[in-house]
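Encoded as structure tokens, the structure appears first; notes follow it.
The values are calculated or read from the model by the stated rules, or taken from the named source; none is laboratory data. As the structure is a prediction and not an experimental result, all values here were calculated from the model. Here Cβ is always computed from backbone atoms with ideal geometry, including for glycine, and neighbour counts include all displayed protein chains. Keep in mind that these areas ignore ligands, DNA and RNA; they rest on the heavy atoms of the full protein, side chains included. Shrake-Rupley method; radii C 1.70, N 1.55, O 1.52, S 1.80 Å.
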Amino acid sequence: MASFLILLLINPVCAGLYTDSCGMVWNDTALPFEQNNQTAYNEELVASFAPITANLTGEPADFSNLSWSDAFRETCAYMNERYAFTEWRGVDWDALYEIYAPEVAAAEKEGDKAAYYRALRSFAYAVPDGHVLIHSVDDFGAKYADIGGGHGFAVGRLDSGKVIVTYVAEGSATEKAGLQFGDEVVSWNDRSIDEAINTTSIIWGPVKPSTLEGSLLQKQRYLTRAPVGTETTIGFISTTGMRTVTLTAEDDGYDTLARTSIFLGYQVNDGAV
């Protein structure tokens, strides 16, 4: 049973920077997106890696002929040996292996590619480095199974600490339930809204945050995503006082992710294009 995924280590000097040091110069980094020309940006980004690629030594590790479990074990050993920032980032590769090896083994036993891919994404996102990523041509339905449903609204945390509604889908069950822009969300399935946000998984965001602020932003975006059919009870404060509603996640084509994307409404950073 062959492995089929690539673990990417993107050079931190170039990725996402717009300087002469990596060959990318954008006086206005929003310009290519405002002109609907993400292609130009992406082409320059890829080209900026050329000088680094030319200086690489040795062939990349290839575990494609191993079983899923063996490949994962070898990947952890390889990263423990070759990853340059283990001490600086405080990465415990043995501990990560102990956490995710059972998930990989369970997926292998069932031949469940979606579960295998989900386990590897969780593993990569547990490494506190935005340049350690998992790349695959297919997610085997795992993304849709996990976050294909939306609750018809999005939230954002203010500097005051309040979490408010920042978007409500027009004509949605959420709108009909009375939730409005600016309402303060205080609870999520009988947990405080802060606890709910802090425990939200962000493994389906392909732009992996490198900072706590970036992680917080993504957790807010993915809070309102869930498997289609998931019921969630939400407590919020509106102009009429404290209210509670129960909403069911519906297939919305990832609408709330597009509405809250940093790319002006595009789902570019959510792997949708």
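Determine, yes or no, whether PHE85 is in contact (Cβ under 8 Å) with a residue 40 or more places away in the chain and in contact with an Asp or Glu (Cβ under 8 Å, 6 or more places away or on another chain).
Yes, satisfied.
Would it be correct to say that TYR78 is outside any loop (DSSP other than H, G, I, E, B), open to solvent by 30 Å² or more (accessible area, probe 1.4 Å) and touching a Lys or Arg at 6+ places or on another chain (Cβ under 8 Å)?
Against the criterion (outside any loop (DSSP other than H, G, I, E, B), open to solvent by 30 Å² or more (accessible area, probe 1.4 Å) and touching a Lys or Arg at 6+ places or on another chain (Cβ under 8 Å)), TYR78 does not qualify.
Could you grab me the full set of residues in the stretch 31-52 that are at pLDDT below 70, open to solvent by 70 Å² or more (accessible area, probe 1.4 Å) and either part of a helix (DSSP H, G or I) or under 29 Å from ASN80 (Cβ atoms) (or both)?
The one that is at pLDDT below 70, open to solvent by 70 Å² or more (accessible area, probe 1.4 Å) and either part of a helix (DSSP H, G or I) or under 29 Å from ASN80 (Cβ atoms) (or both): GLU34.
Take residues that are touching a Lys or Arg at 6+ places or on another chain (Cβ under 8 Å) and open to solvent by less than 60 Å² (accessible area, probe 1.4 Å) and tell me which of the helices (runs of 4 or more DSSP H) falling wholly in the stretch 131-222 contain 3 or more.
142-147
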